[in-house]
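As C-alpha cells, the structure follows; a few thoughts come after it.
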Amino acid sequence: MRIRGAMLLVVVALLVSGCKGRLIPVSQGNQSGEPPASATSQDAAQAGLKTMQSLVMAENYQGLGFSSVDQAKNAQLSDPMKIYSVPLDALNSYKGDTNAAGLLQDAHKQIYPVTVDQQVLSSLSTAQHSDGWRANEFGNSALTRALAAHRTNKDDFVVWVPALKIYFVARGEGEGLTLTTIMDDPRFDFKAGETIPASRAFAVLQRSASQYNGLPQ
C-alpha cells in the first residue's frame, strides 16, 4: 500500500525468523523528496524522527509499532546501536580460529530504538553515504524490541548475518567478543538470551553458510 502524498513505500519485511513488522524504506534520489544529508548520524536521526511522525496515519500506525496516531507524536529516540555485518564469503572462509572479530564489517548504519514513555515501540535507521548521513528505514518494531530486550549497556552493538537472516546483540572486542541471540532459532539451536563467544557462534553458522544456495530463506 502507498502512503498518500509521501515519498515512502510501505513494504512488509521478514527480517529475522519469526520477527515480523513493517519496514518503510526512504526512496532514493532527490526527485523523490529525499532530505539533504546530515553531518552526523544523530542529526539525521532527529530529522528522520520528524519525518516518521509526519507519515504515521490511521492506515499504518499499527504496522509501525504504535497503538495510535497520537502516540507517535510523543515518540523519542533512544541510544543508537551500531550495525556490523558478516558477509557470506567471510563466514564461509572462517576456520573456527579465535579471530572471530575479524569477520565483522562496518555496515555504516545505525539503528535507533523509538520509544514512548521509555517503552520501545519502533525504530529508525540511518545510513552513511558519500555526502553524509540520512534516515533510510522506519519501523522494524519486532526486531528492535528484541534487540533492546537483550541490550545491557549503550555500548552494545548489532551483528547481522544477511545471508542467514540472523541478528545478535554483541559486546566486547577481539577474542573477548560475545554474541547474544535475540530469539529462539531452531536452525542453529540458539536460545533467546544465550550469550556465547563469537568464535563458537560463527563456527555454528559457518556450517549452514557452506550449504547456502543463495535463495531467500
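The values are calculated or read from the model by the stated rules, or taken from the named source; none is laboratory data. Keep in mind the model is a prediction, meaning the values are calculated, not measured. With ideal geometry, Cβ positions are generated from the backbone for all residues, glycine too; neighbour counts draw on all protein chains shown. Ligands, DNA and RNA are stripped out before the accessible areas are found, and what is left, the full protein with its side chains, is counted by its heavy atoms. Shrake-Rupley method; radii C 1.70, N 1.55, O 1.52, S 1.80 Å.
Counting only other residues whose beta carbon sits under 15 Å from that of A148, what net charge do I get with K and R as +1, D and E as -1?
Charge balance in the 15 Å sphere: +1.
Order the following by accessible area, largest value first: H108, H150. Probe radius 1.4 Å; ligands, DNA and RNA are ignored.
Descending accessible area places them as H108, H150.
Under the definition of Cα pairs under 8 Å and six or more residues apart, what whole-number percent is the relative contact order of the stretch 96-217?
20 percent
Run the 1.4 Å probe and let me know the accessible area of I166, rounded to the nearest 10 Å².
10 Å²
Which residues' amide hydrogens lie under 5 Å from the amide hydrogen of L179, considering only partners 5 or more residues apart or on another chain, with H built in the peptide plane?
Result for L179 returns I196, A198.
Which stretch or stretches of the stretch 113-150 have amide N atoms under 19 Å from the point lying 7 Å from D43's Cα along the Cα→Cβ direction?
Within reach of a label on D43: 125-137.
To the nearest 10 square angstrom, what accessible area does K82 show with a 1.4 Å probe?
Roll a 1.4 Å probe over it and K82 shows about 80 Å².
As an exercise, use a Förster radius of 30 Å and the Cβ-Cβ distance of Q118 and K95 to find the FRET efficiency, rounded to the nearest 0.05.
0.10
With unit charges on the beta carbons (Lys and Arg positive, Asp and Glu negative) and the dipole taken about the Cα centre of the stretch 72-149, which residue among G102, S85, Q118 sits farthest to the positive side?
It is Q118.
Once the whole set of protein chains is in place, how much accessible area is left on F157, using a 1.4 Å probe, in Å² to the nearest 10?
30 Å²
So what's the net charge close to V116: Lys and Arg +1, Asp and Glu -1, counting the other residues with Cβ under 15 Å from its Cβ?
0
Going highest first, how would you order 47-53, 182-188 by mean Cβ packing within 10 Å?
47-53, 182-188
Take S38, S123, S130 and sort them by solvent-accessible surface of the protein heavy atoms, 1.4 Å probe, largest at the top.
Ranking S38, S123, S130 by accessible area, largest first, yields S130, S38, S123.
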